[in-house]
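Okay, so here's the structure we're looking at.
The values are calculated or read from the model by the stated rules, or taken from the named source; none is laboratory data. Nothing here was measured: the structure is a model prediction, and the numbers come from that model. Reconstructed Cβ throughout: ideal geometry from the backbone, glycine too, with neighbour counts over all protein chains shown. To get the accessible areas, we keep the full protein, side chains included, count just its heavy atoms, and leave off ligands, DNA and RNA. Shrake-Rupley method; radii C 1.70, N 1.55, O 1.52, S 1.80 Å.
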Amino acid sequence: MNHYNELAWKQYVEENLSPDLLSEMELHLYQCDECLTLYMTCLEQMETILPILERDMQGYMDAIIARTTGTKRSWYHSTMLHYGIAAAATLILVATGFFHGISQELDSAGSFKPRSSLNSSSSLQTDKPISDQLLNKTLTWLDTLQNK
């Protein structure tokens with residue numbers, strides 16, 4: 001493994017190297033603790049040369065908010081649009097009789113009413129699961145829609 005000297009790391013910090021060499025040195029930092037220590041030392045030495053970041057967090061946040069306040073949300077992110085779509089879908093389902101058909105199918109099935117039996121544990125073991133009953137009733141209802 002080839003190590004880089006202090007001058008090379010200073011050039012890396014200033015980005016005065018070719019892009020290929022910069023990426024090679026960056027990958028080397030992930031693998032070599034000795035070079036990472038040398039790189040951190042160079043960063044500390046060059047702290048006066050590097051640009052100073054804003055230390056005032058509130059001022060920084062205010063600047064970001066000021067830049068983004070004028071931006072407008074996309075029309076498809078509007079909550080009212082989503083409510084409108086849900087309301088339209090509900091109206092279409094009501095107008096086509098979808099809910100009425102389901103309620104009639106469930107009423108005619110009558111299998112969802114609890115049975116009055118003395119030995120309820122044995123009746124639960126022999127009954128089909130409710131999910132299977134719902135699936136069968138839904139498929140039967142869809143078949144009647146296709147035949148119309």
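For the range 76-85, the criterion of being at pLDDT below 85 and assigned to a helix (DSSP H, G or I) is met by at least one residue.
Given the criteria among the aliphatic types (A, V, I, L, M) and at pLDDT 80 or above, does residue 57 qualify? No, not satisfied. Being open to solvent by 70 Å² or more (accessible area, probe 1.4 Å), modelled with pLDDT of 80 or more and not in a helix (DSSP H, G or I), is that true of even one residue in the range 94-117? For the range 94-117, residues open to solvent by 70 Å² or more (accessible area, probe 1.4 Å), modelled with pLDDT of 80 or more and not in a helix (DSSP H, G or I): present. Within the range 17-53, restricting attention to residues that are surrounded by 10 or more Cβ atoms within 10 Å (Cβ to Cβ) and either part of a loop (DSSP other than H, G, I, E, B) or in contact with a Pro (Cβ under 6 Å, 6 or more places away or on another chain) (or both), the residue that is modelled with the lowest pLDDT is 50.
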